[in-house]
Structure formats: C-alpha cells, structure tokens
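Trainee: Next up is a structure, given as structure tokens.
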Amino acid sequence: MNERGKSLYSSALVRLPEPRFVVFYNGLRKAEDDMTLKLSDSFERKEGEPALELKVRLLNINQGSNPELMKRCRTLREYSEFVARVRKCVKEEASLVDAVERAVTECIREGILEEFLRSQRSEVVAMSILEYDREEELKKLRDAEYENGKTDGRAEGKAEALLLILEFRWKVLGWLKARIFQETDAPCLESWMKEAMRAGTLEDFLEKTGLSEN
C-alpha cells in the first residue's frame, strides 16, 4: 500500500504529482539567466519525438543574474554573494585556504549567510576548497609542485586538497599524511576526497577508504 492507501499493484491509474527539475547554476562559464536543458539534446540520433525525455530548468544564480529571483529569495541572493566573495578573495590571496577563510569571515561580519556560516564554518571552508574552480586550483598546485621539483602535479594537487579537507575536520597523524602523498592514482585520491566530506569521523573515513597505519 502507498501512503494514500492505494495498492501499488492495482489496475486503476495512480495519480502522481507532476515532477519539476531545477538546477541552480553558479559556474564560471557564461549562461543565460533562465534556460531549459533537454536530455534528448545528448542523444546521438533523434528520429521524430524521443521515446524518453527529461527537461531541466537552469537558473543562473551568479551575481548580477536573475535580479527578480534574487529579490524574492534572500538565501539564494546571499549564497550568490558568498560565492562572489570567495572568487574575489581567491584573486587577492596567495593561499586558497586563506582566501576561503577570509571570505567566510567577511560574510559573517556583514550578515551574509551569517547563522549558517557560524554553525557550519569548517564544513563550508572544506567544501569550498574542494569545489571552487577545480581546474584553476589544480593548476596553481601543479605550478607550485613543479617549482619544487615534483613531476606528478595532478595527483599531488589532489593529495594536497584531500589533506586540507581532513585537517579542517580532524587531527591528521603523520602516517596518514605520508600515505596520502604516496598515492599516485588521481581518481583514487578524488574518491577519498568525497569520502572525507561524507564521513562522520576520521575512523569512518579510514574504514571506508581502507587506509590503515600498516
């Protein structure tokens, strides 16, 4: 039985609420304020009406876009301001960590997402480091690593990002740092980053990734 008391196996038509799919976009590529994305646009060949279709409404929430939407929704407006502040600070600070910390501090001081940033500060900083313009972040890390005589910038960059996330959440012991920088498989390191964000404790992270002192 479903929540309305109707059998899922009944021959009678079960009415469903109409689904609506929305994506809030804040990437660096230019995008219209409001546009529709279609699954069928990615089909290799289309003959007539597609048998399967999905339409997603994309709303650009970068600063300066969708002014009417921003007026109506304070949370979206403040989130847009926070993202813009992070990008501004990244251009002005040598360290990505310092830039994100500064952006969070400034936003709290100015009442931008204040309550959320105060209560979830470490998580926001870690997630911003992980998600902010990955290509630019890895490029900066690779450049610094090549200057120090390292050759595998891609893996080293991901290892550095992973370590930043872990150190924001827990105390990281020497053996774990060494193990992280020994890893040369970039996709593996990226999967560890995702686990670092999901894990509730360091022990949970170690168990999910199979990392151990031995």
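The values are calculated or read from the model by the stated rules, or taken from the named source; none is laboratory data. Owing to the predicted nature of the structure, the values given are computational and were not obtained by experimental measurement. Cβ atoms come from the backbone with ideal geometry, glycine included; neighbour counts cover every protein chain shown. For the accessible areas, the whole protein counts, side chains as well, though only heavy atoms, and no ligand, DNA or RNA atoms are used. Shrake-Rupley method; radii C 1.70, N 1.55, O 1.52, S 1.80 Å.
Trainee: Pull out all pairs, ordered by first then second residue, where Cβ-Cβ is under 6 Å, the residues are six or more apart or on different chains, the first lies in region 45-61 and is closer than 22 Å to Cys73 by Cβ and of a type outside the set (Ser, Thr, Tyr), and the second is in a loop (DSSP other than H, G, I, E, B) and modelled with pLDDT under 90.
Mentor: Asn60/Ala31; Ile61/Asn26
Trainee: Of the residues that sit in region 63-79 and are under 17 Å from Glu114 (Cβ atoms) and not charged (D, E, K, R), which one is least open to solvent (accessible area, probe 1.4 Å)?
Mentor: Initially, region 63-79 is screened for residues under 17 Å from Glu114 (Cβ atoms), giving 73-79.
After this cut, where a residue has to be not charged (D, E, K, R) as well, the list is 73, 75-76, 79.
Values: Cys73: 43, Thr75: 92, Leu76: 27, Tyr79: 91 Å².
Within region 63-79, the match that is least open to solvent (accessible area, probe 1.4 Å) is Leu76.
Trainee: Quick test for you: out of Lys30, Lys88, pick the one residue that is free of Cβ contacts under 8 Å to residues at least 12 places away in the same chain, open to solvent by 70 Å² or more (accessible area, probe 1.4 Å) and either outside any helix (DSSP H, G or I) or charged (D, E, K, R) (or both).
Mentor: Lys30
Trainee: On to the next question. State whether one or more residues within region 100-110 are open to solvent by 70 Å² or more (accessible area, probe 1.4 Å), at pLDDT 90 or above and either in a loop (DSSP other than H, G, I, E, B) or under 19 Å from Leu76 (Cα atoms) (or both).
Mentor: To start, the set of residues in region 100-110 that are open to solvent by 70 Å² or more (accessible area, probe 1.4 Å) comprises 109-110.
Now restrict to residues that are at pLDDT 90 or above: 109-110.
Then drop every residue that is not either in a loop (DSSP other than H, G, I, E, B) or under 19 Å from Leu76 (Cα atoms) (or both), which leaves 109-110.
Yes, because at least one residue in region 100-110 is open to solvent by 70 Å² or more (accessible area, probe 1.4 Å), at pLDDT 90 or above and either in a loop (DSSP other than H, G, I, E, B) or under 19 Å from Leu76 (Cα atoms) (or both).
Trainee: Just the residues that are among the small types (Gly, Ala, Ser) and closer than 12 Å to Ile61 by Cβ, please, taken from region 17-50. So that I can check it myself, show each step before the final result.
Mentor: Of region 17-50, the ones among the small types (Gly, Ala, Ser) are 27, 31, 40, 42, 48.
Gly27, Ala31, listed by residue number.
Trainee: While we're on this one: Mind checking which pairs have a first residue in region 155-173 that is over 20 Å from Ala186 (Cα atoms) and aliphatic (A, V, I, L, M) and a second that is assigned to a loop (DSSP other than H, G, I, E, B) and open to solvent by 10 Å² or more (accessible area, probe 1.4 Å), Cβ under 9 Å, 6 or more apart or different chains?
Mentor: Pairs found: Leu173/Glu213.
Trainee: Tell me yes or no: at least one residue of region 186-199 is loosely packed, with under 14 Cβ neighbours inside 10 Å, in a loop (DSSP other than H, G, I, E, B) and either of a type outside the set (Phe, Trp, Tyr) or in contact with a strand residue (DSSP E or B) (Cβ under 9 Å, 6 or more places away or on another chain) (or both).
Mentor: no
Trainee: Which residue, of Glu53, Glu123, is at pLDDT below 95, assigned to a loop (DSSP other than H, G, I, E, B) and open to solvent by 40 Å² or more (accessible area, probe 1.4 Å)? Steps first, please.
Mentor: On the way: Glu123 fails: assigned to a loop (DSSP other than H, G, I, E, B).
When all the criteria are applied, what remains is Glu53.
Trainee: Test each condition in (1) under 28 Å from Phe82 (Cβ atoms); (2) at pLDDT below 85; (3) among the charged types (D, E, K, R); (4) surrounded by 15 or more Cβ atoms within 10 Å (Cβ to Cβ) for Glu156 and report the one that comes out false.
Mentor: The failed condition is (1).
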